[in-house]
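The values are calculated or read from the model by the stated rules, or taken from the named source; none is laboratory data. As the structure is a prediction and not an experimental result, all values here were calculated from the model. Neighbour counts run over all protein chains shown; Cβ positions are idealised from the backbone, glycine included. The area values use the complete protein model at the heavy-atom level, side chains included, leaving out ligands, DNA and RNA. Shrake-Rupley method; radii C 1.70, N 1.55, O 1.52, S 1.80 Å.
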Amino acid sequence: MSLPSVECVYVTEDLVREWKSATGSSIPKPPDPAPALRFLYELCWTMVRGELPFQKCKPVLDSVEFLDGPTKEELGSGFADIISQMALDLTLPGEFRARLTKLAKWLVDCSLVPLRLFQERCEEEFLWEAELIKIKAQELKNKEVRVNTRLLYQQTKFNLLREESEGYAKLVTQLCQVSDASSDSAKAATIGVIKSLIGHFDLDPNRVFDIVLECYELQSDATIFLDLIPIFPKSHASQILGFKFQYYQRLDVKSPVPFGLYKLTALLVREDFIDLDSVCAHLLPKDEEAFEQHNAFSVKRLDEANKIGRINLAATGKDLMEDEKQGDVTIDLFASLDMESEAVAEHFTELENNQTLGLLCGFLSVDDWCHAYTLLDRLSPLNPVAHLPICNGLFRIIEMTMTPAYNIVRQTHTLASSSAAGVDTMSATESAHTSFVDLPKELFQMLACAGPYLYRDTILLQKVCRVLRGYYLSALELVEGGDKVSNREFLPGQNKVPRMHLKEARLRVEEALGTCLLPSLQLVPANPAVGQEIWEVMCLLPYEVRYRLYGEWEKDDERTPMILAARQTAKLDTRRILKRLAKENLKQLGRMVAKLAHANPMTVLRTIVHQIEAYRDMITPVVDAFKYLTQLEYDILEYVVIERLAQGGREKLKDDGINLSDWLQSLASFWGHLCKKYPSMELRGLFQYLVNQLKRGQGIELVLLQELIQQMANVQYTENLTEEQLDAMAGGETLRYQVTSFGVTRNNKALVKSTNRLRDSLLPKDEPKLAIPLLLLIAQHRSVVVIKAEAPYIKMVSEQFDRCHGTLLQYVEFLCSAVTPATAYAQLIPSLNDLVHLYHLDPEVAFLIYRPVMRLFKAHGSSEVCWPLDDDETMDLEAESEEKSCNLVLDLGRQKKPIMWSDLLGTVKSMLPAKAWNSLSPDLYATFWGLTLYDLYVPKSRYDSEIAKQHAALKALEELSDNSSSAITKRKKEKEKIQESLDRLTSELHKHEEHVASVRRRLSCEKDKWLSSCPDTLKINMEFLQRCIFPRCTFSMSDAVYCAMFVHTLHSLGTPFFNTVNHIDVLICKTLQPMICCCTEYEVGRLGRFLYETLKTAYYWKSDESIYERECGNMPGFAVYYRYPNSQRVTYGQFIKVHWKWSQRITRLLIQCLESTEYMEIRNALIMLTKISGVFPVTRKSGINLEKRVAKIKSDEREDLKVLATGVAAAMAARKPSWVTDEEFGMGYLEVKPPSLASKSVSTNLAASNGPALAQNEHIGGRGAQTDVGNSVKEQALRTKNAERGTEKTDTASGGKTDTGNLKVKGGSAANGSEAQITTLPAVAQSGSHQRYVEESATKFDESITKAAPKDSTDSEVLLIFTVNG
């Protein structure tokens, strides 16, 4: 079908061709002006037929000159009319109609025709085809029909005001006067009048209800409306209110919902006239839409907060240095608050547009917390409290709810203050104690909803803190008061058990702190008063609860943008301050740090601790800067330190597995300095952490305990004591303090206070006492650290053991000095039996702990003299001494059962195997472990030296020439202090001398029974070394000196059956080498000190024959036959030979260790050489051999061995001039012969098979010579035995056998031949004279012990001591 023909007058075919062929904007202009409608009509038909593209339409219109000069709107209207008329032609072919719809759409897209004009004038089908509407044509028609019907044909009974003006006028007048009605009769009359008006004027009830609600909205305080509203149907109320809310949802209504409408709705919901859900169904926007918009806003703010402090890797050097160029450091405490204010202002429209939030404001305004809490919980994703109107309404309800409780708290505080001021307020105080504070659960719901926004009202925040404190204290008083206060007086009408109420109160207070108070603190800009109020509540809770709150505090706040911004800002400012913190600007920057910490304690303190772990030199200035912190911040700081200790993923040892990590050392040092300086630091949490770690088998963190004891109590543990310090350790308290005070003055008040604080933290009055559990766990850990240590090398294990052992010594010394008097310490410590058998402690550790308790044993009936003092100088009989020991008793009062000394000895006897008591006695064992160096030795030289120093100080003061009044006063104080020290030292010296004399008297009375009853005397020295000497001499440096001094005491007392020469011989020849190999680094140093003291005493005896005769010549310890103490003594010449053997033995075993491939043997040998370098080596030959080995180790690749070897080499070089030759050492009593050819060949073979060590040491005789000597001695002994009728067998033969049996040393190497020659008798070269010597000695010996020795005694009981271990 073709289009109807249209006569084109203005849009001719020629013009169309020209327009079509034209390019760009050069469109040919029609020759004549044309009327607008006609031109548009022809143009549209031309484009519908497809003769002209749509794109040419706009240029053509611009080029045409119209006769009537239409506007753009008129052209659009013309287009719309033409298109609508053309669309009515139903005969239009399909392709042309499609072109027509496209033309219409194109005109709208090009803004030539407004869409509204097409929608007004075109049919629905054409609009749908042209995509000018979004709903189908039929649906649009139906909607149009419904609208027209409603507008034109439906009749609604509005009963408008204009229809019944008189009735509604009277109604409104009556409703506006209801505020004047107050009595019930007036309210009833008013309601009757309104009902009459409705009936008389036939008013629409729904319209009347609407007017009533509007009047109630304007007069929300008039309570008569609450009586008037029930006369209307409840179901209509929610619909009417819904219509009101929907009106403000219309796009053409720009005004927000009036607050009165929200308040009216809240009142009706509160009075249960309408349901909350029925109203919320009419409110917009929906919750899901609001949540989505708010989440997008929150994500944006979180991103902005996370960017604070972030380093820009693309920044230039100039940008990075910009902050460094600033002169003074400034901090912005309000940065996060400014960001929050901007965010609230930006998001203010949310409150206006969200009708649910408006309804929440209404609930808060009418004090309807129940429904407000429901909406707050429902709208929590929107963070509704961030809006100021909601926040202020919530604060008003909180203050109103807690006002009664706050008045009670304030009254109680006022009365307490008056009582403290001395005012007589007896009755008032009693009433205050009986007035308990109770808080409703709704208050805690409000605080949880307020969250961190309580920072906006700091006065209210402090009131909340005080009320919570009073609430919790009241619950505590109720529990503590018991029956004094009844439940009815406390909670009227409620039946609550006091303990259940306390538990509930504690949970509520914890919730308020965690959800509201602590988060709010982060946003209060530097207000220490607020922090102190919060701490007043926190301090009522146990530290476990506080630390849990601290841990939850930071985790929960990461979702809040403003808190995250505050935290990031505080972290950035803290780092900037720490960069510039120094001693010069400490006061200024320290205050800045405190200001930051007042608001963000967790973030600031954690940042500081991180920096201290990395930079140890920051400890001192940071600790000084912390003087401005509050108690809450100190508590948080302890939590941060424990958190850092417990944090996983960090190694606490360095890569070498030996030394502590730098961060752990820095943290421990920081904590020690901090606790020493500030008494507010609480330590119970750290001690509990250490206890828990020890239970898990982890003891590395004990370095914190070491630092605490060192810094707070000045009890230091060190192995590297000087000779003066070690000697002074044997003295009294004053001497020890003068020599080892480490720069701390005596009676330092700060030191005394810090020591007491540390003691009280371990032994609190009302808390679990951790002092003894910690002590026992450290002692147990010391025992198992070697077994359970997870270390690949034994060196690492030994380091862990030494570290734990040092902590144990330091801790025990602290307890003994801090827990005074000694009876208080004794009451704390478990019994010796429990220490050994219940807690399974090693005997040496058990005695270390129990030793101060042993010194409290007193003679029965005596209250002054304690063991080990002698309470009766005239008592010297053995029977009386035994009775005196049995009468000793330990009485600690009613708390513990008295302990007899015999009971103690029974415990001692159960500590060792039964076989051990064949060669020891419990009395000797208890005496050895119970005494200290103070009991045996008076360091008189040290006393004299210190007294001389004090005299010199007095003289120096007198020589000062400054005579000003201040200088004179100062000198006077100094003189008094020095004179006091002098008097104390002099008195202490005298007291110490008397003490040692008294102890010696007791020992001299008891010595005869120590070993006389032992059946196996041959093993006395071995058992004594194994059970007593070695465990204690490796315990500490003082114990090493004590062991040597105790042996000397046993010798000087003439203890029967204790052979001093055999003791030293067993020590050096049998036990020294294995002890060197199995000791740790510190233990071998102590063993070396013990050997040094032993050798020093032996060299002193050897130095002169007169000295030897005076101190050894007539002592039982030098008996040749030590089974019989009264037998002949070792001569001076024999002692020199035995001494020669000891020297050679030490040389050989040290060389063997130095040439070993085991690291521990080399290191321990070097340490041993360092300790004994003052007395060994003595001979030049031994020194040269040792120097060669040490020089070789100096080039070792292991740095620690090189350092040790260098020190040993220096010590040996310093002593080299004092070395003597073998002849000088022998002093004429020792024959030193060059080795024979046979012996040389044997030595060569031995050297070839066993290494160069033995070859270089064989300087007297080979194995052949040794065998010959041994055989000759054996033959002489046999002849002597035959001459003496076989009653005794000398130990010459046994010496030969033992010597042969002991030829092998470690590694299977043969013993040096010189050893056998040392063990021979003086005249071994002349067999006849030697035989006579032996026979005479045996005869004298037989005569002296005829009564003591039975006739059937075996030959092995008689030994020549100086040959037994050859």
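Before moving on, here are some points about what is shown:
- Only lysines eight or more places from K441 in sequence, or on another chain, were considered; those with a Cα closer than 24 Å are K463, K496, K503.
- Calculated over segment 1022-1076: convex hull of Cα atoms, volume per residue (Å³): 71
- With protein chains left intact and a 1.4 Å probe, residues in segment 20-130 average 51 Å² of accessible area per residue.
- Protein-only accessible surface at a 1.4 angstrom probe places the residues T1157, T190, T12, T349 in the order T1157, T349, T12, T190, largest first.
- Mean Cβ neighbour count within 10 Å, used as a protection proxy, ranking 502-510, 198-206 highest first: 502-510, 198-206
- Principal axes of segment 723-862: Cα extent on each, largest first, Å: 47, 40, 34
- Cα-derived Rg to Rh of segment 6-141, Kirkwood definition: 0.97
- Rg ratio for segment 1073-1223: its Cα radius of gyration over 2.2 N^0.38 Å, N being its residue count, equals 1.15.
- With 23 Å as the limit on Cα-Cα distance, the pairs of K72/K141; K909/K1019; K949/K1102 that go past it are K72/K141; K949/K1102.
- Note on segment 1174-1195 and segment 609-677: Cα centroid distance 45 Å, given to the nearest whole angstrom.
- Shape analysis of segment 988-1056 places it in the oblate category; the axes a ≥ b ≥ c from the Cα gyration tensor give an a/c of at least 1.5, with a/b not above b/c.
- Local net charge near C816, Cβ-Cβ under 14 Å (Lys/Arg +1, Asp/Glu -1): +2
- Scattering profile of segment 1113-1185 at q = 0.14, 0.17, 0.18, 0.22 Å⁻¹ [log10 I(q)/I(0), Debye over alpha-carbon scatterers]: -0.60, -0.74, -0.77, -0.91
- Only protein heavy atoms count here; on that basis, with a 1.4 Å probe, V467 has an accessible area of about 0 Å².
- Computed with every protein chain present, the accessible area of C816 is close to 50 Å² [probe 1.4 Å].
- For the residues S965, S77, S910, a 1.4 Å probe over the protein chains yields an accessible-area ranking, largest first, of S965, S910, S77.
- Under 10 Å, Cβ to Cβ, from Y1082 - net charge with Lys/Arg +1 and Asp/Glu -1: -3
- Solvent-accessible area, 1.4 Å probe, carbon plus sulfur percent, for segment 697-808: 51
- Cross-link check: pairs K1007/K1216; K765/K896; K652/K1188; K788/K897 evaluated at a Cα-Cα cut-off of 30 Å; pairs beyond the cut-off: K1007/K1216; K652/K1188; K788/K897.
- Alpha-carbon geometry of segment 1083-1129: the Rg and the Dmax are 13.4, 38 Å, given in that order.
- Counting only heavy atoms of the protein chains and using a 1.4 Å probe, D1104 has close to 60 Å² of accessible surface.
- Net charge, A668 excluded, C-beta distance under 13 Å - Lys, Arg +1, Asp, Glu -1: +1
- Prolate is the label for segment 646-685. Its Cα gyration tensor axes, ordered a ≥ b ≥ c, give a/c of at least 1.5 and a/b above b/c.
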